[in-house]
C-alpha cells in the first residue's frame, strides 16, 4: 500500500509539472516587426533581439497572453490559434 501511495504521489507531481504552461524556443518576426526575434528560456526568461542587440527580461503567461516586462513597460502578445505570438500594430507577429 505504501508503494502505491508513493507511486501515485510522484505520478501526480509529474503531471503537475508537465502541465505548467511555458514557452520555449525562438519566435522570429513575420514581416515588419519591432523585435528581430524572441527566444524563450527556462525560468520565465525571454531574450529580445532588437537591431542585433540582445536583452534578457522576464515574461508571464496569463489567459492566452504573453506579458513581457522590459524597462518598466509591459508588452502584451496574444497567443494565436496557430501558435504564433501577436503584439499587433508596430510590435508585430512572431512565429516559430
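The values are calculated or read from the model by the stated rules, or taken from the named source; none is laboratory data. Not measured: the values here are computed from a predicted model. All Cβ positions, glycine included, derive from the backbone under ideal geometry; neighbour counts span all protein chains shown.
Observations, loosely collected:
- Considering segment 48-61, the residues that are out of contact with any strand residue (DSSP E or B) (no Cβ under 9 Å at 6 or more places or on another chain) and either over 16 Å from residue 31 (Cα atoms) or free of Cβ contacts under 8 Å to residues at least 12 places away in the same chain (or both) include one that is surrounded by the fewest Cβ atoms within 10 Å (Cβ to Cβ), namely 52.
- Any hit, segment 16-27, residues being modelled with pLDDT of 95 or more and surrounded by 15 or more Cβ atoms within 10 Å (Cβ to Cβ): yes
- When segment 73-87 is filtered for residues that are in a loop (DSSP other than H, G, I, E, B) and surrounded by 10 or more Cβ atoms within 10 Å (Cβ to Cβ), the ones remaining, listed by number, are 80, 83, 84, 87.
- The set of residues in segment 28-43 being surrounded by 14 or more Cβ atoms within 10 Å (Cβ to Cβ) and not in a strand (DSSP E or B) consists of 33, 34, 35, 36.
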